[in-house]
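Since the structure comes first, as structure tokens, the remarks are kept for the end.
The values are calculated or read from the model by the stated rules, or taken from the named source; none is laboratory data. The shown structure was predicted, so the numbers you read here are calculated from the model rather than taken from an experiment. Cβ atoms come from the backbone with ideal geometry, glycine included; neighbour counts cover every protein chain shown. With ligands, DNA and RNA removed, areas are computed over all heavy atoms of the protein, side chains included. Shrake-Rupley method; radii C 1.70, N 1.55, O 1.52, S 1.80 Å.
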Amino acid sequence: MPRKHHPKVVTANDLLEGDVVYRTAAGSWSSDLRAAVLIEDPEQASTELALAQSEPAMVVGIYLADMERGPDGTPQPVHFREAFRATGPSNYAHGKQAGLR
Amino acid sequence: MYTYSEFDTAFLAERNRQFRAQVARRISGNLTEDEFKPLRLMNGLYLQLHAYMLRVAIPYGSLNSAQMDKLAELADRWDKGYGHFTTRQNIQYNWPKLNDIPDMLDALAKVGLHAIQTSGNTIRNVTADHFAGAAADELADPRPYAELLRQWSTDHPEFQFLPRKFKIAVSGSPNDRAVTKAHDIGLRMRRKEGELGFEVIVGGGLGRTPMIGKVIRDFLPLSDLLPYAEAIVHVYNRLGRRDNKYKARIKIMVHEHGIEDVRALVEEAFTRIKPEFAGADTLLAQIKTRFRAPDLRPRETQAFDTAYRRDPVFRAWADTNLAPHRKADHAIVTVSIKAHGQTPGDATSAQMRVLADLARKYGYDELRISHEQNVILPHVAKTDLPAVHAALLAAGLGTANVGLASDIIACPGMDYCALATARSIPVAQDIATRVEALRLEHAVGPLKIKISGCINACGHHHVGHIGILGLDRGGVETYQITLGGDATEAAAIGQRTGPGFSYEEIVPAIERLLKAYLDLRESEDELFIDAVQRVGHAPFKAALYPTEAHADAA
């Protein structure tokens, strides 16, 4: 059975901070998943990935992550790993969730 | 404690200077990530899920108070006020910034600590019995040998690009507290015809293909340690597989070639290279002079006896957290870093400072980190124990649970680790909270629960009496249970019970296991692991999978 196609975001970790970052529509990087550009078209996703990888890197480990479009239009992680990346660890209110509160 | 020589100090300074320059070149763009990654790994720096992680070696788990204070300082200055003690007697900082790493390493060097070879395909931090130098059952302190191995393996030109990582553990006691049979090389001291030597075990390991190590030499004279270790790693470097990362550890080489062939190759290499190690004896003698054993003063034990009689809280703690010291008027204190509901192995900077203070005041300035993620005060006069206990309680470090169900080993899991497939920390927290709420663990007695968040088994789940392995099954966290593992000299790999459990189901499943044990044990003296060996898995499976058992019976 073919896997369900999900829209993507381009994501990585910031070179200096290590923090999870997402590619925005403007081609910059944001630490907030809500600011990420959600890419529906698989070909466009590959293009965006290649473009991000070709730039002088202030980020590390760039890849495409599966997302769903949330009720407010923002990306919502499909896999629990991406959900943790977008929020932070579950044992302390550290990482992104600290800033979201 | 080992004190650094001028050579050691100069070596660290030079190494840190090199890495500072490498970090600068990475930030300026003169090094790509592909070029930088092996360099940063050689210096203990990972990029994890949310941040960088710096893994600092605590050689053979030994620290003095100044070093513990420095670890606290790093936690405050460059992290979030805590550190995580690991199953390899290291400490990990979960939130450092790349720019700060060189300063962190320089700060560590001031007290003789470093992060060299805490990652990469090299010989890693050499681990040892956490009761080393203090245990009543010890033949000799294994740490001078561990230090000898550290000096030999650090920057060893032949062994910087091994097929895979390489872990060595050393025990000076017949009772194995260092899991020597689950290491690439395990060294267990023994006595033969009045002479001390090592039983050398090779090819143990956990991970994806768990194996109990095999004895390659049943008695190695202590003076032959370095040439023999070099011969083993030399043969592995040549024969170990580089075609498949998952088959690259020495355990696979031993499995594929057979221990007899490996032994023949190692003995041949050993004979050939032994003459080159003529100076090793002198080096070992020098190292031994740098390990100053504390001069233990004889003390009364009256204060201990009184507190033990009168104070039930102290008594409960003494019963679980103390171990016999070679001097009867002293004790080994295991400080639980497993307060119920807290993250196993996480200590705040304030707690680290309390531990350092206690070591200074009552513990001859010595501390150890155990692979079970607790902190040891190896030499405390019994008469000082009530004061030590009171100070620990005030710092949230007085939990009386060492060796019990809530004294859980857990890897960082998916809360931090980029390799993890599921979380382990919250599972450990929830099990501990649950057994405490039910007042279950003192009834259950000695029990080793070990949790890994992926197949790499940093949480040693294979050798837990109860092992829990977190996996990703179709995008859902799923936990497999193994039973009957053993990390001692009677090392055994636990066997899977059956289908896994969801995150919501795993804690109730463990509760059912514990209750099943209480129902079926012959007496309070029959330990959980002994009951598993006596009755087998069937009654435990029935408890874990009640509906299936019912279906089978129908």
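Quick notes
- Cα gyration tensor, chain B - rounded (a/c under 1.5), prolate or oblate: rounded
- Gain on full stretching of the segment that runs from B:Ala24 to B:Asp106 - 0.36 nm per residue minus C-alpha separation: 28.0 nm
- Accessible surface of chain B [probe 1.4 Å, protein heavy atoms]: carbon and sulfur percent: 51
- Dividing the mean sequence gap of close Cα pairs (under 8 Å, 6+ apart) by how many residues region B:287-340 holds gives a relative contact order of 23 percent.
- In this structure, the residue pairs whose Cα-Cα separation is over 27 Å, taken from B:Lys167/B:Lys288; B:Lys70/B:Lys97; B:Lys80/B:Lys110; B:Lys247/B:Lys541; B:Lys251/B:Lys274; B:Lys70/B:Lys450, are B:Lys247/B:Lys541; B:Lys70/B:Lys450.
- Relative contact order (%) - criterion: Cα under 8 Å, at least six apart; region: region B:6-109: 29
- Each of B:Tyr4 and B:Val215 was given a label point 7 Å from its Cα along the Cα-to-Cβ line. The distance between the two points is 4.1 nm.
- Percentage of interatomic Cα-Cα distances in region B:110-268 larger than 22 Å: 38
- For the pair B:Ser502 and B:Glu524, label points projected 7 Å from Cα toward Cβ lie 3.9 nm apart.
- Calculated over region A:8-88: convex hull of Cα atoms, volume per residue (Å³): 82
- Fraction of C-alpha pairs exceeding 17 angstrom in region B:388-528: 60 percent, rounded to a whole number.
- Ranked packing of B:367-374, A:8-15, most packed first, by mean Cβ within 10 Å: B:367-374, A:8-15
- Here the Debye sum runs over all C-alpha atoms of region B:302-394 as equal scatterers in vacuum, and log10 of I(q)/I(0) at q = 0.14 Å⁻¹ comes out as -0.47.
- Length gained on full extension, A:Glu55 to A:Ser31, computed as 0.36 nm times the residue gap minus the Cα-Cα distance: 6.8 nm.
- Solvent-accessible surface of the protein assembly as shown, taken per residue with a 1.4 Å probe and all protein chains present: 40 Å².
- Largest GNM mean-square fluctuation across A:Pro77, A:Pro56, A:Pro42, computed for chain A with C-alpha springs under 10 Å, falls on A:Pro56.
- Taking a ≥ b ≥ c as the square roots of the eigenvalues of the Cα gyration tensor, an a/c ratio of 1.5 or more together with a/b no larger than b/c marks region B:95-166 as oblate.
- Peptides B:250-256, B:359-365, A:58-64 ranked from most to least packed, by the mean per-residue count of other Cβ atoms within 10 Å: B:250-256, B:359-365, A:58-64.
- Gap separating the Cα centres of region B:360-379 and region B:147-223, nearest whole Å: 23
- Shielding of peptide A:79-92 by partners, expressed as the average count of other chain Cβ atoms within 10 Å per residue Cβ, is 6.
- Gyration tensor verdict on region B:457-517 (Cα atoms; rounded if a/c is under 1.5, prolate if a/b is larger than b/c, oblate otherwise): oblate
- For B:470-481, mean number of other protein chain Cβ atoms within 10 Å: 1
- In this simple spin-label approximation, B:Arg315 and B:Thr433 carry label points 7 Å from Cα along the Cα→Cβ vector, and these lie 3.1 nm apart.
- Rounded to two decimals, the Cα-based Rg/Rh of the protein assembly as shown, with Kirkwood Rh, is 0.97.
- Rounded to the nearest angstrom and listed largest first, the equivalent-ellipsoid semi-axes of region B:6-109 from its Cα gyration tensor are 22, 17, 12.
- Given their separation in residues at 0.36 nm each and the Cα-Cα distance between them, B:Leu283 and B:Arg191 gain 30.9 nm when the chain is fully extended.
- Chain B - percent relative contact order, Cα under 8 Å, separation 6 or more: 13
- Highest average packing first - B:450-461, B:137-148, B:281-292, Cβ atoms within 10 Å: B:450-461, B:137-148, B:281-292
- Per-pair calculated FRET efficiency, R0 = 35 Å: A:Leu16 and A:Gln44 via Cβ, rounded to 0.05: 0.75
- Rounded to the nearest 500, the helix-only mean residue ellipticity at 222 nm of chain B stands at -12000 deg cm²/dmol, with each DSSP H run of n ≥ 4 adding -39,500 (n - 2.57).
- At least 20 Å along the helix axis (C-alpha) and Kyte average at least -0.5, DSSP helices within chain B: B:225-239, B:259-273, B:503-520
- Shown for chain B: cysteine residues without a partner Cβ closer than 4.7 Å, namely B:Cys417, B:Cys454.
- Neighbouring partner chain Cβ atoms per residue of A:7-19, average, 10 Å criterion: 4
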